Amino acid sequence: GSNHSGGILGGISTGQDLIVRFAVKPTSSILTPRNSIKKNGEPIEVITKGRHDPCVGIRAVPVAEAMMACVILDHILLHRGQIGENQGMIG
C-alpha cells in the first residue's frame, strides 16, 4: 500500500517505514565587525562584506536523523515504563 502518512496515523505507527521531512532556514551573514587574531597572534578586525551564507542543509541531515532516533527511543522507553514489559523491543 501507499505510505502517504509517513508511517504515522494519529500518533500511532502503521508499521511502515517512517518518512520525515524537515526544512532548514538559511544562516545569515553577520555584518557586525568582530575582533579576531591572525595566525601569528596579531589582533585584527574581521568585517563581512556581501552575502556569504554557508549551506548547513548537508550537515543538518545527520543531526535530524540523530534527533529522530532520540525521539523514537524516548517513546519506546515511555511505552516500556507504562506497560512494564519489553516485547520484542531493544534491551
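The values are calculated or read from the model by the stated rules, or taken from the named source; none is laboratory data. Only a predicted model underlies this, so the values are computations on that prediction, with no experimental measurement involved. Here the Cβ positions follow ideal geometry from the backbone for every residue, glycine too, while neighbour counts run over all protein chains shown.
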So for the stretch 42-50 (the condition being part of a loop (DSSP other than H, G, I, E, B) and at pLDDT 85 or above), does at least one residue qualify? yes
Considering only the stretch 69-85, I want to know if a residue exists there that is small (G, A, S) and either surrounded by 10 or more Cβ atoms within 10 Å (Cβ to Cβ) or touching a residue at least 40 places away in the same chain (Cβ under 8 Å) (or both). yes
Regarding E65, is this residue in a loop (DSSP other than H, G, I, E, B) and among the acidic types (D, E)? no
Can you find, within the stretch 1-28, the residue that is modelled with the highest pLDDT among those that are within 18 Å of V56 (Cβ to Cβ) and among the small types (G, A, S)? A23
Could you tell me which of the residues G6, G15 is on the phi > 0 side of the Ramachandran plot and surrounded by 10 or more Cβ atoms within 10 Å (Cβ to Cβ)? G6
